[in-house]
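A.B. asks: Handing you this structure, nothing more for now.
The values are calculated or read from the model by the stated rules, or taken from the named source; none is laboratory data. Please read all numbers here as calculations on a predicted model, not as lab measurements. Positions of Cβ are generated from backbone atoms using ideal geometry, with glycine treated the same way; all protein chains shown enter the neighbour counts. Keep in mind that these areas ignore ligands, DNA and RNA; they rest on the heavy atoms of the full protein, side chains included. Shrake-Rupley method; radii C 1.70, N 1.55, O 1.52, S 1.80 Å.
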Amino acid sequence: MTDPTAPPEDVPAATPAPTVPEPAPTAPTGKLSRRRSVGVWSLIVLASVIGLITILTVWVNRQLLSNDQFRKASAQLIRDQQIRDAVSVYVVDQLYNNVDVAGQLEKQLPNNVKPLAGPVAAGLRQPAVQAVNFLLSKPRVQATFVNATGIAHQKLVNVLENKTGYGIQTGNGVVTVNLSSLVKELGADLGLPAAALNKIPPSTGVFTVMKSDQLSAAQQGVRAIKVLSVWLIVLVLVLYGLAVYLARGRRRETLRNVGWSFVLIGLIVLVVHRVIGNYAVDALTQPAYTVPVRHVWLIESSILADTGRAVVLYGLVAVIGGMLAGPHRWAISVRRWMAPTLATRPGMAWGILGAAYLLLILWGPTHALQTWWGILLFGALIAAGFEALRRQTLAEFPDAAEHAGETTASMRALGTRAASHRPHRTAASSPADQIARLHDLHESGALTDEEYAQAKQLALKG
């Protein structure tokens with residue numbers, strides 16, 4: 001008696017599908033001593049605090065001390081409707097305070113209506129504000145505003161950096177913003193006679209930014225910022241790198257913690273930019289100017305916000321990298337999936353990574369990725385991380401290359417067998433030829449008895 005469920009003796013056993021090798025057992029993660037753990041966390045906390053200070057110094061250096069960046073921000077300011085409204089009111093107030101508008105109208109009105117010059121002048125004040133607002137929307141007038149504020153900013157920077165320029169020497173006098181030319185130009189556009197505009201005092205439209213008795217402390221602060229904005233970045237990276245190096249046996253977790261510290265720093269910066277900035281504006285600004293001053297703050301601190309978002313992005317990349325190298329089931333599945341390619345086609349893997357990085361550079365979502373040093377630095381960090389992940393994956397799956405070869409061979413054999421199962425129906429083949437070929441396949445074991453019978457019937461019918 002034979003088991004009816006048993007396969008025929010001449011039926012070759014099905015070739016088992018190649019299985020993906022399980023990861024090789026790795027040594028358990030080392031546990032840091034209490035002393036070393038405290039040292040590692042101390043380095044991370046210290047680097048995070050210094051990193052927060054670094055972001056603030058970089059913002060001051062890049063946005064507040066750069067005249068090119070300041071002019072770009074000034075162009076944004078004058079295009080902002082709320083700020084234009086405030087500037088329009090200020091310019092008209094300066095005109096009315098320094099020009100006898102009612103007297104000028106009285107000279108031009110007929111004798112019988114000269115007493116109406118005062119009410120007419122008062123009635124023209126609001127239309128004048130609207131007219132100035134319209135004029136400020138013109139590119140020519142906006143260029144005048146940007147030039148005036150740019151000169152004032154350059155004067156301030158020269159003073160703070162202990163330089164000379166624009167008729168001012170370091171430590172003497174005051175630093176001012178001079179909008180007198182803008183006041184006169186707008187007065188002419190409003191139809192005021194040149195004789196009246198020439199009588200406007202030179203101090204009209206001039207307001208003080210900093211007095212000489214404030215310069216010494218400001219100059220020392222700027223000198224410190226110039227130095228700190230460069231070297232603090234290096235110090236932060238060294239401290240983080242030292243923390244990862246000392247965490248032998250726990251380096252992956254430490255890298256993940258460094259990433260989370262980046263995320264925390266970025267979120268703090270964004271909170272400072274939005275919440276504390278708004279609080280300071282509300283506390284230090286008159287209610288009538290709260291909205292425009294808030295707009296000024298948002299524009300002048302845009303680089304601070306961009307830096308905060310960039311730091312959050314860098315932190316998330318580090319966190320994802322640390323988790324990808326971790327013991328989570330999904331991470332092991334990803335590494336198992338990548339193992340054959342990393343083992344047999346490392347050039348392809350590096351090429352895909354390089355192409356993705358080039359696309360990231362072309363996008364340039366952060367300032368660092370728009371500078372040569374940032375591109376080189378982050379490229380080196382990403383390459384080092386990818387190489388560490390590749391070595392870890394190959395150590396976990398040592399049979400990845402053999403498995404990739406078995407998979408390829410199995411696919412080829414499957415294709416060959418499927419092709420052999422199909423009877424040839426070429427015009428040159430007779431039924432006898434097809435039956436002879438099927439007989440050879442049956443004798444070699446490539447076809448079972450049932451498959452041979454079915455194929456033979458098809459050949460006879462053909």
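A.B. asks: Between a first residue in the stretch 322-350 that is at pLDDT 85 or above and a second residue that is of a type in the set (Phe, Trp, Tyr), which pairs have beta carbons less than 6 Å apart while being 6 or more apart in sequence or on different chains?
C.D. replies: 339/397
A.B. asks: What about residue 363, is it farther than 19 Å from residue 258 by Cα, open to solvent by 40 Å² or more (accessible area, probe 1.4 Å), aromatic (Phe, Trp, Tyr) and at pLDDT below 85?
C.D. replies: On the way: farther than 19 Å from residue 258 by Cα: yes; open to solvent by 40 Å² or more (accessible area, probe 1.4 Å): yes; aromatic (Phe, Trp, Tyr): yes; at pLDDT below 85: no.
No; evaluated as a whole, the condition is false for this residue.
A.B. asks: Taking the stretch 63-97 as the region of interest, how many residues are closer than 11 Å to residue 129 by Cα and either in contact with a strand residue (DSSP E or B) (Cβ under 7 Å, 6 or more places away or on another chain) or charged (D, E, K, R) (or both)?
C.D. replies: 3
A.B. asks: For the stretch 276-293, name all the residues that are buried (at least 17 other Cβ atoms within 10 Å of the Cβ) and not aliphatic (A, V, I, L, M).
C.D. replies: 277, 292
A.B. asks: If you don't mind, there's one more thing I want to ask. State whether one or more residues within the stretch 320-342 are crowded, with 16+ Cβ neighbours inside 10 Å, in contact with a Pro (Cβ under 9 Å, 6 or more places away or on another chain) and aliphatic (A, V, I, L, M).
C.D. replies: yes
A.B. asks: So, in the stretch 245-275, how many residues would count as being crowded, with 19+ Cβ neighbours inside 10 Å and free of Cβ contacts under 8 Å to residues at least 24 places away in the same chain?
C.D. replies: Looking only at that region, the number is 1.
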